[in-house]
Amino acid sequence: MQKQLHIKIKGDVVGVFFRASAQKRAKELGLTGWARNANGGVEIVAQGEETQLQEFLNWCKQGPKWAKVEKVDVEWEESDKLLRDFKIK
């Protein structure tokens, strides 16, 4: 069953390849969704199986090696619209 995560990440996460790294990790896990810069942080919507989403969320709490994640807000949601790929907006 498809689930959806809505993640908002704050800290030193812009300009450190966070979105590109998130896209790569999401694709490795077979997830779809998107990532974008928002309000000085990164916002991500990811869809897929709960186990893979949880693994992705754990990755987001650290991010790529250049990132310094300070805060992660997470909402588990029902998928209202299925996404086909993982894109950077």
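Details
- Charge-dipole axis of the range 3-76 as Lys and Arg at +1 and Asp and Glu at -1 on Cβ define it, positive-most pick from Ala35, Trp59, Gly15: Gly15
- Size of the range 43-89 from its Cα atoms: along the principal axes, largest to smallest, the extents are 32, 21, 16 Å.
- What the Cα atoms of the chain give is an Rg and a Dmax of 11.6, 34 Å.
- Checked against a 23 Å cut-off, the cross-linked pairs Lys27/Lys89; Lys24/Lys61; Lys10/Lys81 give Cα-Cα distances beyond that limit for Lys10/Lys81.
- The long axis of helix 18-28 is offset from the longest Cα principal axis of the chain by roughly 30 degrees.
- Mean residue ellipticity at 222 nm, helices only, the chain: -7500 deg cm²/dmol; runs of at least 4 DSSP H residues each add -39,500 (n - 2.57), and the sum is divided by the number of residues.
Only the coordinates and a few stated rules stand behind these numbers; no lab work does. These numbers were taken from a predicted model, which means no experiment stands behind them. When we count neighbours, we look across all protein chains shown, and the Cβ atoms used for this are built from the backbone with ideal geometry, even at glycine.
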